[in-house]
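In what follows, a structure is listed as structure tokens, so that the remarks can point back to it.
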Amino acid sequence: MPIGWDPEARQIHLRNGTISYVIRVLENGALGHLHFGPLLSDARSYAHVGLGPFHGFTNRLDDPVALELPIAGVGDFRVPALTIEGPDGSAILDLSYVSHRIVPGKPPLAALPCTYVEAEAEADTVEIVLADAPTGTEVRLAYTVFRDLPIVTRSMVVRNGGGAALDLTCAMSASLDLSDSDWRLIQLSGTWARERHVVERPLVPGRQSVGSVRGASGYQHNPFIALRRASTTEDHGEVYGFSLVYSGNFLAEADVDAQGTTRVRMGIAPEGFRWRLDPGAELELPEAVLAYSDAGLGGLSDAYHVLYRERLARGTWRARPRPVLINNWEGTYFEFDEAKLLEMAAASRDLGVELFVLDDGWFGQRDDDTTSLGDWVVDRRKLPGGIDGLATKVEALGLRFGLWIEPEMVSERSRLFADHPDWAIGVPGRVRTEARQQLVLDMSRPEVVDHLFRALSDVLGRAAVSYVKWDMNRNITEPYSLGLPADRQGEFFHRYILGVYDLYRRLTAAFPEVLFESCASGGGRFDPGMLAFAPQTWTSDDTDAVERLRIQWGTSLVYPLSSMGAHVAAVPNHQTGRLTPLATRAAVAFFGVFGYELDPTRFSAEERQEVIDQIAFYKAHRELFQRGRFVRLRSPFEGDGDGTAWMVVSPDRRQAVVGVYQALNRPVPGPDRIRLRGLDPSAAYQVAQWPSTGDSVERANALVRGGDDLMAVGLLLAAERHAAARWGDFWARLFVLEAV
Ligand code: GLA
């Protein structure tokens with residue numbers, strides 16, 4: 001039984017083949033937390049774990065009690081998971097266990113994106129009901145354990161079962177108490193063009209957190225944290241992961257108390273959040289995805305990759321091979337007409353590209369970024385035949401056609417703004433701060449979402465559009481909705497995201513064959529909430545191969561390669577001015593959903609041939625790159641940061657591609673070896689370098705070698721110093737392994 005209930009011990013035990021999560025109903029009715037981690041046997045009580053003699057979590061400072069849903073003001077002096085102000089203005093709750101039920105499978109959330117199962121046998125769920133009698137507050141906590149993954153998801157619904165309005169000011173999706181604080185906190189942080197860099201620090205007493213209050217999850221911090229032991233590596237040791245299926249304001253926090261216990265909480269950011277629950281009303285909170293691995297960070301990533309690729313992403317494109325695309329943005333920016341686009345499309349087709357994407361600038365009168373957002377009507381000056389005309393011509397060339405949109409935005413210079421100035425977010429009588437010369441539409445208002453659904457359906461329905469890049473290029477200022485009364489303005493940010501999800505849900509349902517890629521100035525909203533609708537995300541506006549190593553490495557802690565858009569761009573790179581070899585740019589972008597972001601008519605004959613070979617190589621290994629197991633080997637965040645290596649292995653371990661990268665070249669290289677992982681130790685692999693360079697490194701590795709040998713000894717990168725002196729900076733090598 002994957003979820004057991006022991007009435008004597010009043011204990012709920014979720015388990016699968018690798019992990020256990022144990023909850024106990026405490027003597028005062030509150031939910032205590034006993035264990036999340038290695039598998040425990042099911043027939044026992046764990047009431048002795050972690051609680052000591054129970055004192056009802058009064059202020060016995062030496063006796064912190066591990067809780068599932070801590071409330072402030074009742075003797076637990078750590079950060080709360082749930083705060084509700086009652087009619088008397090107090091925020092005291094005595095939430096007591098009422099009942100629970102165990103169900104096979106995983107019931108979906110009502111309005112929010114979430115992970116799912118396709119067969120009931122894939123997971124089991126326990127729903128626990130708690131209630132506070134004086135206020136009538138009812139809480140339904142749902143925990144799901146997946147059969148084959150070291151993962152427990154948790155979500156919550158809060159209902160007002162009383163007779164007076166309640167105000168919810170803090171409602172964390174996850175709250176996990178750990179018995180010590182000997183952990184290092186990992187976060188994925190950065191900014192535009194350097195998103196999701198791995199940042200680590202040891203936990204210290206007090207609160208340490210990341211989050212967002214900008215209306216989107218943001219590129220500053222991803223809605224993910226992990227805790228690892230100091231000794232944990234990529235393939236050994238303990239690590240916990242916390243990931244939130246949400247795209248708006250969030251908080252992820254570790255609070256270390258004086259006794260050295262750690263409370264991790266994650267959910268919608270309490271800052272700026274206040275939700276009014278009228279009698280009978282309920283609010284669903286986002287799903288948190290908790291993972292535990294004793295197989296290192298790699299084990300953690302394996303679990304998230306499988307879950308997010310197979311059971312968060314959905315729809316036609318979840319498992320379909322994703323097309324090799326070309327996007328015109330860096331190739332033309334706003335300066336194009338139909339002839340130019342068709343010339344680029346024809347050149348792309350000859351290279352092997354499968355999908356031509358027209359980026360920003362096709363609508364209204366948009367010759368730069370000062371105008372026309374909101375007017376999703378083709379600009380006939382540039383495209384006299386309309387989008388349908390262009391799409392038909394692109395398809396006639398043998399390519400699919402894709403289109404950029406930025407639904408949530410409006411330019412002040414637009415017809416939409418002239419017609420509906422009140423649809424732009426802002427506080428009447430106050431300045432509306434512009435960013436990139438644009439304002440944000442009030443997605444919390446159903447009429448705005450309805451309008452966008454109609455306008456965009458019109459565009460997508462009239463033309464052969466196979467792909468949509470949904471961009472979002474600024475964050476929210478002056479948060480306020482004319483659609484909400486004064487005492488409900490605290491609901492605005494969450495309602496905004498609900499509106500975004502509603503539009504995504506309606507468009508993806510109306511156009512099930514369209515592949516959606518989300519984007520927010522690159523990776524400004526790369527989160528599990530978005531992946532539930534759009535199976536891939538434009539990872540970063542930074543197309544520089546060296547920068548991408550860090551970005552893609554960090555992103556891969558949580559997100560699978562099938563979710564990471566990765567393109568080869570022209571040099572000098574538009575974000576860094578760096579000149580990297582074309583081969584290196586491809587060798588980095590292969591590890592993702594591959595494409596190009598440039599003007600293909602500008603290639604030399606030699607470059608053209610190289611690109612033809614690159615695309616053919618990617619197509620030949622597409623299944624491996626998009627659905628294989630990604631294994632990180634050498635981190636760009638460690639040592640001098642110049643070396644990176646990673647690989648991807650097929651599920652049957654018969655095929656693998658290894659990427660090895662060097663930023664600045666070093667004279668007199670040492671006898672460097674890259675030990676591989678995830679191969680079949682008893683298999684023999686033919687190792688081939690791609691493309692061939694014919695040099696000593698290629699000769700040293702192009703052998704049939706055992707999987708054990710490749711994992712214990714590794715690829716041999718030693719080179720004679722005069723040979724290595726000719727490699728130059730920013731080189732990459734790919735090794736292709738085939739079991740023989
Ligand atoms: C954002 C995106 C880019 C491009 C531009 C267009 O910056 O991230 O890829 O689409 O907008 O304005």
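Determine whether R311 is within 19 Å of the chain's Cα centre (by Cα), among the basic types (K, R) and either within 23 Å of D76 (Cα to Cα) or at pLDDT below 95 (or both). Talk me through it step by step, then tell me what you get.
On the way: within 19 Å of the chain's Cα centre (by Cα): yes; among the basic types (K, R): yes; either within 23 Å of D76 (Cα to Cα) or at pLDDT below 95 (or both): no.
It is false that R311 is within 19 Å of the chain's Cα centre (by Cα), among the basic types (K, R) and either within 23 Å of D76 (Cα to Cα) or at pLDDT below 95 (or both).
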- prompt: What is the number of the single condition among (1) more than 22 Å from Y504 (Cβ to Cβ); (2) touching a strand residue (DSSP E or B) at 6+ places or on another chain (Cβ under 8 Å); (3) of a type outside the set (S, T, N, Q); (4) within 14 Å of the ligand (Cβ to nearest atom) that D360 does not meet?
  reply: (1)
message: Taking the condition of being closer than 22 Å to I128 by Cα and either in contact with a helix residue (DSSP H, G or I) (Cβ under 9 Å, 6 or more places away or on another chain) or part of a loop (DSSP other than H, G, I, E, B) (or both), how many residues in region 87-109 meet it?
response: 12
task: Tell me which residues, restricted to region 343-380, are over 26 Å from W423 (Cβ atoms) and either of a type in the set (G, A, S) or surrounded by fewer than 16 Cβ atoms within 10 Å (Cβ to Cβ) (or both).
output: E343, A345, A346, A347, S348, D350, G352
message: Please count how many residues of region 396-407 are within 16 Å of the ligand (Cβ to nearest atom) and part of a loop (DSSP other than H, G, I, E, B).
response: 2
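Kindly indicate whether any position in region 321-331 is at positive phi, modelled with pLDDT of 95 or more, within 16 Å of the ligand (Cβ to nearest atom) and assigned to a loop (DSSP other than H, G, I, E, B). I'd like the intermediate steps shown before the answer.
At the first step, the residues of region 321-331 found to be at positive phi are none.
No; the residues of region 321-331 include none that is at positive phi, modelled with pLDDT of 95 or more, within 16 Å of the ligand (Cβ to nearest atom) and assigned to a loop (DSSP other than H, G, I, E, B).
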field: helices (runs of 4 or more DSSP H) contained entirely in region 494-607, each with at least 1 residues that are under 25 Å from W731 (Cβ atoms) and away from the ligand (no atom under 16 Å from the Cβ)
entry: 545-555, 582-589
task: Filter region 466-478 for residues that are more than 16 Å from the ligand (Cβ to nearest atom) and either under 24 Å from the mean Cα position of the chain (by Cα) or surrounded by 22 or more Cβ atoms within 10 Å (Cβ to Cβ) (or both) and give the result.
output: S466, I476, T477
task: Select from region 394-418 the residues that are of a type in the set (G, A, S) and closer than 13 Å to S372 by Cβ and write down the one among them that is surrounded by the most Cβ atoms within 10 Å (Cβ to Cβ).
output: S411
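Say we look at region 177-220 and pick out the residues that are of a type in the set (A, V, I, L, M), surrounded by 15 or more Cβ atoms within 10 Å (Cβ to Cβ) and under 30 Å from Q259 (Cβ atoms); which of these is modelled with the lowest pLDDT? Working first, answer last.
To start, the set of residues in region 177-220 that are of a type in the set (A, V, I, L, M) comprises 178, 185-186, 188, 193, 198-199, 203-204, 210, 213, 216.
Okay, now just the ones that are also surrounded by 15 or more Cβ atoms within 10 Å (Cβ to Cβ), so 178, 185-186, 188, 193, 198-199, 203, 210, 213, 216.
Then keep just the ones that are under 30 Å from Q259 (Cβ atoms); that gives 178, 185-186, 188, 198-199, 203, 210.
Numbers: L178: 95, L185: 98, I186: 98, L188: 98, V198: 98, V199: 98, L203: 98, V210: 98.
This residue is L178.
Among strands (runs of 3 or more DSSP E) lying entirely in region 647-740, which contain 3 or more residues that are in contact (Cβ under 8 Å) with a residue 40 or more places away in the chain? Reasoning before the result, please.
Values: elements: 655-662, 684-690, 704-706, 731-739.
Answer list for region 647-740: 655-662, 684-690, 731-739.
State whether the residues of region 408-425 include one that is assigned to a loop (DSSP other than H, G, I, E, B) and either among the small types (G, A, S) or at pLDDT below 95 (or both).
Here is the first cut: in region 408-425, the ones assigned to a loop (DSSP other than H, G, I, E, B) are 408, 412, 414, 420, 425.
Then drop every residue that is not either among the small types (G, A, S) or at pLDDT below 95 (or both), which leaves 414.
Yes.
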query: Does G429 satisfy the criteria of being modelled with pLDDT of 95 or more, part of a loop (DSSP other than H, G, I, E, B) and over 28 Å from the mean Cα position of the chain (by Cα)?
result: yes
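Check region 110-131 and report whether any residue there is part of a loop (DSSP other than H, G, I, E, B), at positive phi and modelled with pLDDT of 95 or more. Write out each step before concluding.
We begin by selecting, within region 110-131, every residue part of a loop (DSSP other than H, G, I, E, B); these are 110-119.
Those left that are additionally at positive phi: none.
Scanning region 110-131 turns up no residue that is part of a loop (DSSP other than H, G, I, E, B), at positive phi and modelled with pLDDT of 95 or more.
Of the residues L40, L69, L14, which single one is assigned to a loop (DSSP other than H, G, I, E, B), closer than 27 Å to A171 by Cα and modelled with pLDDT of 95 or more? I'd like the intermediate steps shown before the answer.
Numbers: L40 fails: closer than 27 Å to A171 by Cα; L14 fails: assigned to a loop (DSSP other than H, G, I, E, B).
The unique qualifying residue is L69.
The values are calculated or read from the model by the stated rules, or taken from the named source; none is laboratory data. As the structure is a prediction and not an experimental result, all values here were calculated from the model. Ideal geometry is used to build each Cβ from the backbone, glycine not excepted, and the neighbour counts take in all protein chains shown.
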